[in-house]
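Report on the following structure.
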Amino acid sequence: MTASQQTTLVLGGTGRTGALVAQGLAARGFGARTAARRGAGVVFDWDDPTTYAAALAGIDRVYLVTPVARAKFAGPVADFLDLAAAGGVRHVTYLSTYGSDLAPPEVDIRAVELELARRKGFTHSILRPAWVMQNFADAHLPLIDGAITVPTGGGAEAFVDAADIAAVVVETLANPDAHAGAIYALTGPQALTVAEVAATIAETVGRPVAHHDIDPDVWINGAVAAGFISADYAVMLRWLTGTIIAGNGSRPNDDVERVIGRPATGFAEFARRSAAAWALRAAG
Ligand SMILES: NC(=O)c1ccc[n+]([C@@H]2O[C@H](COP(=O)([O-])OP(=O)(O)OC[C@H]3O[C@@H](n4cnc5c(N)ncnc54)[C@H](OP(=O)(O)O)[C@@H]3O)[C@@H](O)[C@H]2O)c1
């Protein structure tokens with residue numbers, strides 16, 4: 001099979017990593033079909049199993065992005081993987097989360113990893129990224145009135161660039177045999193507190209930026225009340241932020257460089273690239 005005859009189904013295909021994965025595959029001559037509820041190459045909805053078969057038709061690799069901002073999804077993912085295996089998919093690369101093996105049992109990220117490990121019909125790679133840098137430049141952790149509001153205390157996290165995650169995804173899908181069974185914990189090159197992130201953004205945009213270290217319950221209950229996240233995802237968010245507050249956030253490693261052959265992107269470089277997003281917020 002030549003590269004152009006191989007087609008990857010890119011779930012979350014309009015998202016931060018998925019869109020870049022599709023571009024990266026195409027740049028290397030691989031076929032890529034983006035999938036999402038709207039605006040992608042094919043309509044795909046985790047809540048509508050009738051969309052699974054058409055998305056998988058003629059596909060031999062999958063970038064697996066599970067339903068976003070939800071804790072429970074192992075059942076639909078297992079059904080989807082049944083169809084994928086029956087249709088001849090040979091490799092699945094799964095976007096998990098850093099420290100997934102320590103996640104509370106109510107969240108299904110670890111269940112999906114174990115489901116993949118159990119299956120023999122196709123090979124898989126598991127990616128466990130740290131918090132992505134893009135959170136600070138989009139609607140996840142927006143800069144409002146000169147402050148980034150998130151309950152992380154003085155804890156640090158080795159924030160990773162979504163573009164580096166996408167580059168690793170592309171590598172695993174282009175060379176599945178070389179990455180079969182691999183688990184990569186993807187991080188940036190430095191562990192930073194949010195106060196340090198704020199200082200870097202401040203330097204980049206030329207105005208003060210502070211870290212507002214809000215009470216976790218106030219922040220999480222507010223996100224649920226505003227409809228940003230489901231009530232069951234609150235468990236996940238509490239774990240993600242609690243891990244950092246406790247000083248157990250991700251620590252830098254060289255997994256990105258080992259896979260793509262260049263060092264992971266630093267936060268200052270990401271900030272320079274993203275300055276326009278913060279300028280727009282100031283203007284709006
Ligand atoms: N944020 C972080 O710091 C971080 C760190 C580690 C891991 N992760 C993981 O990264 C994943 C998100 O990946 P990302 O950041 O690349 O994506 P993203 O930018 O959050 O975008 C989500 C993508 O998934 C699609 N989507 C959302 N709900 C869907 C549904 N019910 N059915 C089908 N498609 C759906 C969206 O399109 P539509 O809305 O149009 O369907 C979009 O294409 C999550 O699983 C998260 O746990 C995030």
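Which count do you get for residues in region 20-37 that are free of Cβ contacts under 8 Å to residues at least 24 places away in the same chain and within 8 Å of the ligand (Cβ to nearest atom)?
Here the count works out to 1.
Of all residues being modelled with pLDDT under 95 and within 12 Å of the ligand (Cβ to nearest atom) in region 99-114, which is farthest from Val132 (Cα to Cα)? Just the residue, please.
The residue in question is Val107.
Looking at Ala69 and the list (1) at negative phi; (2) assigned to a loop (DSSP other than H, G, I, E, B); (3) surrounded by fewer than 19 Cβ atoms within 10 Å (Cβ to Cβ), which single condition is not satisfied?
Checking Ala69 against (1) at negative phi; (2) assigned to a loop (DSSP other than H, G, I, E, B); (3) surrounded by fewer than 19 Cβ atoms within 10 Å (Cβ to Cβ), the one that fails is (1).
I'd like the residue in region 115-143 that is more than 14 Å from the ligand (Cβ to nearest atom) and closer than 12 Å to Ile183 by Cβ and, out of all such residues, is surrounded by the fewest Cβ atoms within 10 Å (Cβ to Cβ).
Top of the filtered list is Ala117.
Suppose the filter is closer than 20 Å to His124 by Cβ and not in a strand (DSSP E or B); does Asp45 pass it?
In short, no.
Return the residue satisfying two criteria in turn: it lies in region 61-79 and is over 15 Å from Leu9 (Cα atoms) and among the basic types (Lys, Arg), and of such residues it is nearest to the ligand (Cβ to nearest atom).
By that ranking, first place goes to Arg70.
Restricting the first residue to region 81-109 and requiring it to be within 15 Å of Thr241 (Cα to Cα), which pairs with a second residue that is within 14 Å of the ligand (Cβ to nearest atom) and among the polar types (S, T, N, Q) meet a Cβ separation below 6 Å and a spacing of at least six or different chains?
What qualifies is Tyr98/Ser250.
Within region 174-206, count every residue that is farther than 16 Å from Leu95 by Cβ and in a loop (DSSP other than H, G, I, E, B).
Here the count works out to 8.
How many of the residues making up region 38-48 are more than 10 Å from the ligand (Cβ to nearest atom) and in contact with a helix residue (DSSP H, G or I) (Cβ under 6 Å, 6 or more places away or on another chain)?
The total comes to 1.
Has region 254-264 got any residue that is in a helix (DSSP H, G or I), in contact (Cβ under 8 Å) with a residue 12 or more places away in the chain, surrounded by 14 or more Cβ atoms within 10 Å (Cβ to Cβ) and not aliphatic (A, V, I, L, M)?
yes
Can we say Gly58 is in a loop (DSSP other than H, G, I, E, B) and near the ligand (Cβ under 9 Å from one of its atoms)?
No.
Can you name every residue in region 80-98 that is out of contact with any Asp or Glu (no Cβ under 9 Å at 6 or more places or on another chain), within 10 Å of the ligand (Cβ to nearest atom) and either among the charged types (D, E, K, R) or part of a loop (DSSP other than H, G, I, E, B) (or both)?
In the first step, residues of region 80-98 are kept if they are out of contact with any Asp or Glu (no Cβ under 9 Å at 6 or more places or on another chain); the result is 80, 82-86, 92-93, 95, 97.
Among the residues that remain, those that are also within 10 Å of the ligand (Cβ to nearest atom) are: 95, 97.
Once the filter is applied, which keeps residues that are out of contact with any Asp or Glu (no Cβ under 9 Å at 6 or more places or on another chain), within 10 Å of the ligand (Cβ to nearest atom) and either among the charged types (D, E, K, R) or part of a loop (DSSP other than H, G, I, E, B) (or both), region 80-98 yields only Thr97.
Going residue by residue through region 236-246, is there one that turns out to be assigned to a loop (DSSP other than H, G, I, E, B), of a type outside the set (Asp, Glu) and either more than 17 Å from the chain's Cα centre (by Cα) or surrounded by 16 or more Cβ atoms within 10 Å (Cβ to Cβ) (or both)?
yes
The values are calculated or read from the model by the stated rules, or taken from the named source; none is laboratory data. The model shown is predicted, which means the values in this text are computed figures rather than measured ones. Positions of Cβ are generated from backbone atoms using ideal geometry, with glycine treated the same way; all protein chains shown enter the neighbour counts.
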